[in-house]
Ligand code: GDP
Ligand code: CA
């Protein structure tokens, strides 16, 4: 069985770990969001790809959900002693090594997809991890504060400002001119089913779908998504601020409608949202809190089972 999943960071990575446990025989290709990528201290940092790689490779800081376990911050402290920032982005010593290797390979001319494959040689995530594109796409956010109206990098809004200033708009800069990374469309075409983990619908899944060619490729497939919203709130993080910025209500129903017909065939919502109905989409309710590995594997199994069931129905027609 071949599964393709689109993924952001924490929500995507945790779901994928459950999926790998729930379907150990499946060939899983992950299309990772690179819209959060940022250059810091001359290094290229890919937060979502790394979160997936570290989580599936056993190197993640479990508590935090991002960054390396047993991390230290000597380099960051030394940079700060030189007055070199930004201090608001938490890069640890172990994590720095990843970004150094990546930046060195990119400078030598390797595309991000090849770099990611090389990094995964070490981490052995048990899935094929592909960046959505080898081109530079960066999510920027227009905000207005005492410094006036301006566009900032997504990370500045999300990490430095903790999304406390309302986003007037969110744009994936460079997406329109980008191409899917090698293997992305091929993997989707070859997939039995496509899954949308409970990742941020705007700046994770939405950004991946903004790469021309990816949306059309997945639209041909049976797609089941898992709601990142439970009872009108994002379970963790500030995804509601992203939804508000694009004029979408923070609810499991509104996110399903955002993905829309023609994309989603099935939608898993939490038991708290059992009354949700979306025209043309098969909605099922079950516990969606990824509280531990077993609970997470059960969510992934339910998403996969629903996708296989809907695919059988489609194939029979
Ligand atoms: P990020 O890139 O680190 O922000 O991670 P993602 O985009 O992959 O996922 C973030 C989203 O995961 C958050 O907006 C939450 O709504 C969702 N999320 C986190 N934990 C859970 C959980 O236990 N259950 C569900 N259903 N969603 C979750
Ligand atoms: Ca992210």
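Here are the numbers for this structure:
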{"read-out": "On Cα atoms only, tilt of 10-22 relative to the major axis of the chain in degrees", "value": "50"}
{"read-out": "Distance from the range 182-200 to the range 30-53 (C-alpha centre basis), Å", "value": "19"}
{"read-out": "Residues 276, 84, 101, sorted so that the one with the fewest Cβ neighbours within 10 Å comes first", "value": "84, 101, 276"}
{"read-out": "Kirkwood hydrodynamic radius over Cα pairs of the range 63-125, then Stokes diffusion coefficient at 37 °C and 0.692 mPa s, in µm²/s", "value": "250"}
{"read-out": "Sorted by Cβ neighbour density within 10 Å, fewest at the top, the residues 240, 232", "value": "232, 240"}
{"read-out": "Shape parameters for the chain, alpha-carbon atoms, Rg then Dmax in Å", "value": "18.8, 66"}
{"read-out": "For the chain, calculated [θ]222 nm from helices alone, where every DSSP H run of n ≥ 4 adds -39500 (n - 2.57)", "value": "-11000 deg cm²/dmol"}
{"read-out": "22 Å tail of the calculated P(r), the range 1-151, as % of Cα pairs", "value": "44"}
{"read-out": "Computed Rg/Rh of the range 71-191, alpha carbon atoms with Kirkwood Rh", "value": "1.03"}
{"read-out": "Folded to 0 to 90 degrees: helix 47-57 orientation relative to the chain principal axis, Cα", "value": "70"}
{"read-out": "Per-residue Cβ neighbour rank within 10 angstrom, fewest leading, 48, 192, 294", "value": "294, 192, 48"}
{"read-out": "The range 1-65, Cα convex hull volume normalised per residue, Å³", "value": "86"}
{"read-out": "Two-decimal ratio, the range 174-317, of alpha-carbon radius of gyration to 2.2 N^0.38 Å", "value": "1.03"}
{"read-out": "Centre separation in Å (Cα based) which lies between the range 201-278 and the range 283-314", "value": "15"}
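A short reminder: the numbers here are calculations on the coordinates, not readings from a lab. Keep in mind that what you see is a predicted model, and the values were worked out from it rather than measured. FYI the Cβ positions are ideal-geometry reconstructions off the backbone, even for glycines, and counts take in every protein chain you see.
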